[in-house]
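Below is one structure, written out as structure tokens, with a few remarks after it.
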Amino acid sequence: MTSMAEKMKQKAIPATITKVSKEIVKTVSKADVEELNRSIKPIIEENHKELRESWEEMHDKYVGTK
């Protein structure tokens, strides 16, 4: 089974080889976008958790102190 990341790589076009155009050269289905969003959701949630934890740990030490 092909992973979502592999599917998206197949649909991607390197920016260095493209020219400005209004022509649609590739489309991504709504189902693929939703699957990709689901696959990255745990990563985003972990990043937010780590950000909150680091803020809680550091805010009394450096913010607003002289």
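Observations
- For beta carbons closer than 7 Å, sequence separation of 6+ or different chains, a first residue in region 1-27 that is at negative phi and a second that is of a type in the set (Asp, Glu) and part of a helix (DSSP H, G or I), the qualifying pairs are MET4/GLU35; LYS7/ASP32.
- Restricting region 49-66 to residues that are exposed (fewer than 10 other Cβ atoms within 10 Å of the Cβ) and assigned to a helix (DSSP H, G or I), the residue that is modelled with the lowest pLDDT: TYR62
- Looking only at region 10-36, residues that are of a type in the set (Ser, Thr, Tyr) and open to solvent by 80 Å² or more (accessible area, probe 1.4 Å) come to 2 in all.
The values are calculated or read from the model by the stated rules, or taken from the named source; none is laboratory data. All of these numbers come straight from a predicted model, not from anything done at the bench. Cβ: placed from backbone, ideal geometry, glycine included. Neighbour counts: every protein chain shown. Areas reflect the complete protein model, heavy atoms only, side chains present, ligands, DNA and RNA absent. Shrake-Rupley method; radii C 1.70, N 1.55, O 1.52, S 1.80 Å.
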